[in-house]
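Notes to accompany the following structure.
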Amino acid sequence: NVLQMCGLEGNGEPTRYKEFDELLGYVKGEGSEVYLITNGSRLTHEQIPSVLGLNAITFSVNAATAATHRKVMKLKNWRDVMGNIRQILRERGTDTNPVIHLSFVAYHYNIHELQDFLKFAESELKGDKIVIRPLSELGTDTLGTIEELRDIVPYESDVQDAIDSVKEYLNDVPRRVLPLRTEEPYQTEIIFDQTAFRNVRPDPSDRVVMPSGY
């Protein structure tokens, strides 16, 4: 067996595949590490014991509230998705796998919730790793790219406010210590690279930027 790692992911939701359960059983049986990237909307209670056997699961959450989740993810079952995440973490207990990543990709429509997402993901959902990513890592000098013309790209001032809010959170809020799974204390890891947030829309000349929380 030369397969070292297998990822169930793609440009779409992998759990929509009609034979997902059979595929999951097959790749787990090959003896390689297996991870899943999902929005969590289609997982059933019956599938949770199977996904608990994975090495890692990344949930694309991208919101801190049901309203923003519906707008960004085009999903109407926020409560079910959050329930699935909580159930997996609860049933996993102190096992080391699967490692649960909670992901937030910053769009124009959700970037105002970034700090709230950090609080929610770490303190309420209690994920192992929280990943903050830009919509694109293309720089603003790549004019003419498709994403430069899309209204989902956040404004420059909103990106800067979001970066400042992450720094504030990291400085002011101590990391949550996870249930003991090793001899050393294990804390929530927040993965964030502010230098990656380069693809922004210039603020319109007539845009009035209000103070945060106004």
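The values are calculated or read from the model by the stated rules, or taken from the named source; none is laboratory data. Keep in mind the model is a prediction, meaning the values are calculated, not measured. Methodologically, a virtual Cβ is constructed for each residue, glycine included, from the backbone with ideal geometry; neighbour enumeration extends over all protein chains shown. These area figures cover heavy atoms from the full protein model, side chains too; ligands, DNA and RNA do not enter into them. Shrake-Rupley method; radii C 1.70, N 1.55, O 1.52, S 1.80 Å.
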Excluding ligands, DNA and RNA, what is the solvent-accessible area per residue of the chain at a probe of 1.4 Å, expressed in Å²? 57
Could you sort Arg42, Arg16, Arg92 by accessible area so the largest value comes first, with the probe set to 1.4 Å? Arg16, Arg42, Arg92
Here are some pairs, Lys28/Lys74; Lys76/Lys126; Lys28/Lys119; Lys76/Lys119; Lys126/Lys167; Lys74/Lys129; which of them have Cα atoms lying more than 26 Å apart in this structure? Lys28/Lys74; Lys28/Lys119
Exposed GluC sites (Glu not before Pro) being those in a DSSP loop with at most 16 other Cβ atoms within 10 Å, the longest stretch of the chain free of them is 47-136
Fully extended contour minus Cα-Cα distance, from Glu189 to Glu33, at 0.36 nm per residue: 54.1 nm
So, in nm, how far is label Asp80 from label Tyr26 when the simple model puts each one 7 Å beyond its Cα toward the Cβ? 2.6
Give the residue from Ile191, Met5, Phe117 lying farthest towards the positive end of the charge dipole for the chain; charges sit on Cβ (+1 for Lys and Arg, -1 for Asp and Glu) and the dipole is referred to the Cα centre. Phe117
Keeping the other protein chains in place, figure out the carbon and sulfur percent of the accessible area of the chain, with a 1.4 Å probe. 49
